[in-house]
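In what follows, a structure is listed as structure tokens, so that the remarks can point back to it.
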Amino acid sequence: MNRQELPGASIEVQDLTRRFGDFTAVDRVSFQVEEGEIFGFLGPNGAGKTTTIKMLTGLLRPTSGHGRVAGFRVPEESALIRSRIGYMSQRFSLYDDLTVDENIELFGGLYGVTGDRFDERRAWTLSMARLSDAADRPTGELPLGFKQRLALGCSMLHEPEVLFLDEPTSGVDPRARRRFWDLIHKLAEAGTTILVSTHYMEEAESCDRIALLNRGRLIAIDTPRNLRQAMPETIYRVRTPHAVAAVGRLARDPAVVDAALFGRDIHAVIEPGAESEVGEVLRRNGLPAEAASPISPSLEDVFVSCVRRAGGAVVG
Amino acid sequence: MSGRIRISRLVRKELRQIFRDPRTKRIIFASPVIQLLAFGYAVNTDVRGTATFVQDHDRTAESRSLVESLTAAGYFRVAGASTRDRDLTEALDHGRAVIGLVIPAGFARDVQSGRPTSVQLLVDGTNSNTGTVAQGYASRTIAQWGVARGREVRAAAGAPVGASLTMPGDASLPGGVDLRVRAWFNPDLVSRVYNVPAVIGLIVLLMSMLLTSLGVVREREMGTLDQLLVSPLSAGELMLGKTLPVAGIAMAQLTLVTVVGLLWFQVPFRGDPVVLLAAAGVFILAGLSMGLIISTISSTQQEAFLGMFLVVFPVIILSGFLYPVDTMPYLFERLSLANPLRHFLEIVRAVFLKGAGFTDLWVQFATLTGMAAAGLLYATRRFARSMV
């Protein structure tokens, strides 16, 4: 074994690429994830999030490039990696026809968790998933939120160093999603490195750092706050009773990069450097100058801005 | 050590799922019963009570004696009689009769005077199997009647009168030779005795292929396969965990079918159970590897089912299960040598009916073992490759 004890780095990826025929699903992606970090993959469907995770977990061979997970090389040492990682896919992937306990027992056995340690981990999983009273129920009967927490518990039975979560909360209601994220934060505090993919912006907000992926390319990587601050354009919220009529005119204005409806308001992205002309822009589009006020961009705005600057269109 | 735990947990999980799923349970328990009943009762190539239409233009004690000789053994029964040609044709056309017997006028006179005479036998060829067998029985019975009758006439006349009875296309049975046919191993030529042991081969093959391929493909479809693949489970462990329960179930079914065959259908078992079990073990490996190969090329259960159909029909037809391999055209006869079911059926039938042992069957054993080994090797490699 040539495990490298790099202080800090749990995941390292260098020029990771995967092609399916002519289609490049993941294109020379490089990044590092520190130990105990919650690292988010944000991007639309088809951006390459799942493909990247599959390569790092050994489910898919990279076409080129390399990486390390928990100190072992991808893909050569994926057999060693497997016992050190947990994986939860976007599809609920426990056995519906087995009971809660039978699922726990199966995955405990597969990961070599036995004896007292198993009893302890089983109890932990049941209480974490709030299923202590439902251990004998068929898993298929559980509400989705419980299933997802159980799946998380099953992928955590062996207390892995690195946890890969591929859109773990898709389809789960907001309350269950929040509870799920509380768990993720607890795990990270205990030292587990977490790589999580999502297309929910508010989930991306609670990551330590996020990587923005589009069309297989990594277009930005930083903390949510830095990404927002680094956005060159300013966003203005425009309040007007005629928002629907005004938004089209604004969008065509040369000083406006983009304008879109957000509820009853318009969010207008102003060309960098043109901020002083906002009043003028509004007036020439038939709106009062005081209708606009600058707002802090959302991650979605950041994402769209990054894609625009990268010169591409958003997939999906 | 931990590998063994992983495999045993996987086996336990497989068994739980198999016995919990009503659909799988039906496949496992109902299909052997249905096939046993079908091949024990319904599929019957025996000639028994074959419907016969008699057109007797002679209407004498002589002609009635000939008809009686046919019905006496129970192989034929008179389904109708008339002297009009149209009635006979209609009976055959509408399937009311399989055999038509035409006795010409003057039949008795010819027989009694020792002149050669003839009767006509019409056979419905649309059911070639029964038709051929019935034709054979009928010709033999009629010829024997002719020989016996001729001898009596000669004895009565006290003179060497050469009486013989011939039929068109079958003038070969000379009066002097008494042909006595005896079928060994299955003296009454009951097709059930031949078919029931073969059902074992069919069930073992279907089960090991079906359960293996569906078991793997269902997990792929559900997404649970990925969850297993990211675990420390190796491809070999996963394969064992998936196939061991299937092999166990196939063995249990073999025992069940054998016991029912012996007790209910009274099929003789003259051989050594050890030989049968050994052959079944090897044959199951061959079936499992076919199932695994199908699983590597199918991404949905539907595809796996279609793959099964593609494989199963040629395998059954080229096995000697329903149609004897020896009568196939040369090319197909050769092709059937590559069919594990053919070799297994030869072993099963020989063990049941002839009491054959390893020394008699070593060629079939060696071939089957070779096939199982090659199949398993190929399946393992394909399987391992399809996993990453």
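Any read-out appearing in this document is the output of simple, stated calculations on the displayed coordinates, not a laboratory observation. In this text the structure is predicted, and so the values were computed from the model without any measurement. Backbone-built Cβ (ideal geometry, glycine too); neighbour counts: all protein chains shown.
Across the stretch B:50-166, the mean sequence separation of Cα contacts (distance under 8 Å, 6 or more residues apart), normalised by length, yields a relative contact order of 28 percent.
Note on the stretch A:144-187 and the stretch A:17-53: Cα centroid distance 20 Å, given to the nearest whole angstrom. Dividing the convex hull volume of the alpha carbon atoms of chain A by its residue count gives 155 Å³ per residue.
Does anyone have the angle between helix B:191-222 and the longest principal axis of chain B? Alpha-carbon axes, 0 to 90°, nearest 10? Here the helix axis deviates by roughly 30 degrees. Look at the stretch B:12-18: the mean tally of other chain Cβ atoms within 10 Å of its residues' Cβ atoms is 4. Going from the residue with the fewest nearby Cβ atoms within 10 Å to the one with the most, B:Leu92, A:Leu42, B:Leu277 rank B:Leu277, B:Leu92, A:Leu42.
Here chain A is scanned for trypsin sites (Lys or Arg not before Pro) in DSSP loops (not H, G, I, E, B) that have at most 16 other Cβ atoms within 10 Å, and the longest stretch holding none of them is A:131-238.
For chain B, a simple Cβ point-charge model (Lys and Arg +1, Asp and Glu -1, everything else neutral) yields a dipole of about 1240 debye relative to the Cα centre. So what does the Cα-only Debye profile of the stretch B:214-287 read at q = 0.17, 0.20 Å⁻¹, as log10 I(q)/I(0), no solvent term? Cα-only, vacuum Debye calculation for the stretch B:214-287: -0.75, -0.89. For the stretch A:232-296, the relative contact order comes to 42 percent (Cα pairs under 8 Å, sequence separation of at least 6). In chain B, excluding the sites themselves, the longest stretch lacking any of the chymotrypsin sites (Phe, Trp or Tyr not before Pro) that are in a DSSP loop with at most 16 other Cβ atoms within 10 Å is B:1-183. DSSP beta bridges confined to the protein assembly as shown are antiparallel in about 60 percent of cases. For the protein assembly as shown, lysine pairs separated by 8 or more sequence positions, or belonging to different chains, with Cα-Cα distances below 24 Å total 9.
Counting charges near A:Leu282 (Lys, Arg +1; Asp, Glu -1) among other residues having Cβ under 15 Å from its Cβ returns a value of -1. Placing unit charges on each Cβ (+1 for Lys and Arg, -1 for Asp and Glu) gives the stretch A:9-228 a dipole about its Cα centre, and among A:Thr51, A:Ala79, A:Phe180 the Cα reaching farthest toward its positive end belongs to A:Thr51.
Computed over chain A, the per-residue total of -39500 (n - 2.57) for DSSP H runs of n ≥ 4 gives a 222 nm mean residue ellipticity of -9500 deg cm²/dmol, rounded to 500. Specify the angular offset, from 0 to 90 degrees and rounded to the nearest 10, of the alpha carbon long axis of helix A:115-128 from the longest principal axis of the alpha carbons in chain A. Helix A:115-128 sits at roughly 30 degrees to that axis. From helices alone, chain B scores -21000 deg cm²/dmol at 222 nm; the rule is -39500 (n - 2.57) for each run of n ≥ 4 DSSP H residues, then divide by the residue total.
Straightening the chain between B:Arg385 and B:Asp272 buys 36.6 nm, computed as 0.36 nm per residue apart minus the Cα-Cα spacing. When B:Ser2, B:Ser63 are sorted by how many other C-beta atoms sit within 10 angstrom of their C-beta, beginning with the fewest, the order is B:Ser2, B:Ser63.
Shown here for the stretch B:64-108: trypsin sites (Lys or Arg not before Pro) in loop regions (DSSP other than H, G, I, E, B) with at most 10 other Cβ atoms within 10 Å, namely B:Arg84. Counting only the Cα atoms, the stretch A:101-158 fills a convex hull of 66 Å³ per residue. Of the GluC sites (Glu not before Pro) found in the stretch A:1-106, the ones in coil according to DSSP and having at most 15 other Cβ atoms within 10 Å of their Cβ are A:Glu5, A:Glu76. For the stretch B:73-141 versus the stretch B:355-388, the inter-centroid distance based on Cα atoms is 51 Å.
The Cα-based radius of gyration of the protein assembly as shown, divided by its Kirkwood radius, gives an Rg/Rh of 1.23.
Note on the stretch B:50-166: along the principal axes its Cα atoms extend 47, 27, 20 Å, ordered by decreasing extent. Start at zero, step by 20 Å, and the Cα-Cα distances of chain B spread as 24, 40, 24, 10, 1 percent across the bins. The long axis of helix B:128-157 is offset from the longest Cα principal axis of chain B by roughly 30 degrees. Placing one equal scatterer on every Cα of the stretch A:232-296 and applying the Debye formula, the log10 ratio I(q)/I(0) at q = 0.13, 0.16, 0.25 Å⁻¹ is -0.26, -0.39, -1.06.
Counted by Cβ distance under 14 Å from A:Arg117, the other residues give a net charge of -3, where Lys and Arg count +1 and Asp and Glu count -1. By the count of other C-beta atoms within 10 Å, a proxy for reagent exposure, B:Thr60, A:Thr57 are ordered fewest to most as B:Thr60, A:Thr57.
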